[in-house]
Amino acid sequence: MSATTEHTENVSADGPQTQLTLASKVIAITGANRGIGLGIAESCLTNGASHVYSIDIGDPGDDFASLSTRFPGKLHAIAADVTREETIIAAIDNIISEAGGLHGMVVNAGRTHHKAALDFTKEEIETLFNVNLFGSFFTARAAAKAFIRLGVKGSIVFTASMASYRPNKRVPSAPYGASKAGVRNMTHTLAMEWAQYGIRVNSVSPGLVQTAMTYWVPQQPDWEQQLKYYGGIPRLAQVQELGGAYVYLLSDAASYTTSIDIPVNGVIGNQRF
């Protein structure tokens, strides 16, 4: 197969897509019942996704219901445990049966636990790695198998973290940072392996985002002084502000973008703090 033939098979008959849209796409997002995942879901729906499925172990709450009301018939919740690959496969099969296909998977489900390395128990470390690393791998592999079976040039986007680049000495977590660094490495390796199927694999690394898990950050007594020290955007991100990076990577406008990580951090995370 010539390079020219390969190129034309990876773009539409009208040439490369230049409009940033998810129109007609079915997107699945793990851990999207709340927090960052729900913000990504909102961004996908705002940008035209036909259906967005949250794959989560818990029950959706009021914020999920509110977003569902704004986009009637387009936001759905399916229960699964990312640490058990068979439940992810079953969830994806249900999505394909209901929506008629699958075009993008956001591998977002994760856990945090911040404490000194000497204080971590074996069980706490295993919990972090089971969800953040093993669960991410299982989810991505299940999605890739579905894309290949459907003949879809799908997009997989991992949620990594700025903690995968450098430590935060105020809230240390060696296991968490290591698990997210593993996610970024996985992104590059899977992108290389699955390019032959037309599957793109990328990641997004958020900095500090305003969620239930970071409520304590602005309550630190010297928070304002910290922000002056960092410079840049003097606040935490809203969950919706991450969405643009995910929408781009899920869209056909990113048809030649694979194996990259996009940091979305304002400025927090650019240096050790």
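Worth a mention:
- Lysine pair number, Cα distance threshold 17 Å (strictly under), region 82-194, separation 8 or more or different chains: 4
- Net charge in the neighbourhood of Glu124 (other residues with Cβ under 12 Å of its Cβ; Lys, Arg +1, Asp, Glu -1) is 0.
- Note: region 9-114, Cα convex hull, 133 Å³ per residue.
- Fully extending the segment from Ala23 to Asp119, taken as 0.36 nm per residue of separation minus the present Cα-Cα distance, adds 29.8 nm.
- Rg and Dmax, both from the Cα atoms of region 94-149 and both in Å, are 15.6, 49.
Every number here is computed from the coordinates shown, using simple stated rules; none is lab data. Quantities reported herein were computed from a predicted structural model and do not represent experimental measurements. Backbone-built Cβ (ideal geometry, glycine too); neighbour counts: all protein chains shown.
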